[in-house]
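Beneath this line is the structure, given in structure tokens, with notes to follow.
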Amino acid sequence: MLFSLFLVKAQDQNSNTVYQFEKKNDVKLNAYSTSLGLFEVTYERNLNKNSSLGIVGLYAFSQKFDEDVNYQISPFYRRYFSKKYASGFFTEGFATLGSIDGKQLYDLDGNLTLNEGPDVIDLSLGASVGYKWVTKSGIVFEALFGMGGNLFNAYKTDHDIINRRAISIGYRF
């Protein structure tokens, strides 16, 4: 009888074990954007093994490579197609609220002129595809590419498409 109590306790301890790759939260830094003078950080909450919700914050701290974005906030929903927990190949739907430079180029009678307008705030919708690797120790690597279109103020600037590009590293906890 005493032996069976120890056996039950041992089974209880094993059933509560949560492996690092099955934890619920990911925080990532986009190394690609940082190389362009942009700071982009992502928080992702894994709902189950096949889906997650998250938010991306992006801020331009330097215009080193003539990126015309000032800031962006992008919530997203992801669907994973791998047998592993919230990793592997995924598709993503996102919305972006952001500020971009209000530059417009006009070609009038063969002359190229520049109209420097105020910054434009717009909402865009888009989709991305990507791949996420998670190590047993919780290190996350991710690559993605996506595109979206501005919905309301695209005529005020020459930027009517939003690009999402990321090569990120992070941690799952």
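The values are calculated or read from the model by the stated rules, or taken from the named source; none is laboratory data. The shown structure was predicted, so the numbers you read here are calculated from the model rather than taken from an experiment. Reconstructed Cβ throughout: ideal geometry from the backbone, glycine too, with neighbour counts over all protein chains shown.
Data for the structure
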item: Sole exception among (1) surrounded by fewer than 15 Cβ atoms within 10 Å (Cβ to Cβ); (2) more than 14 Å from the chain's Cα centre (by Cα) for Asn70, by number; result: (1)
item: Single residue of region 114-164 satisfying the filter (acidic (Asp, Glu) and not in a loop (DSSP other than H, G, I, E, B)) that is modelled with the lowest pLDDT; result: Glu116
item: Residue within region 97-113 that is modelled with pLDDT of 90 or more and part of a strand (DSSP E or B) present; result: yes
item: Test for Lys83: is it over 23 Å from Leu29 (Cα atoms) and at pLDDT 90 or above; result: yes
item: Test result for Phe152, touching a residue at least 12 places away in the same chain (Cβ under 8 Å), of a type in the set (Phe, Trp, Tyr), over 24 Å from Leu29 (Cα atoms) and surrounded by fewer than 15 Cβ atoms within 10 Å (Cβ to Cβ); result: yes
item: Checking Ser74 against (1) part of a strand (DSSP E or B); (2) touching a residue at least 60 places away in the same chain (Cβ under 8 Å); (3) over 16 Å from His159 (Cβ atoms), the condition it does not meet; result: (3)
item: Test: residue in region 31-39 that is closer than 18 Å to Ile121 by Cβ and surrounded by 14 or more Cβ atoms within 10 Å (Cβ to Cβ); result: yes
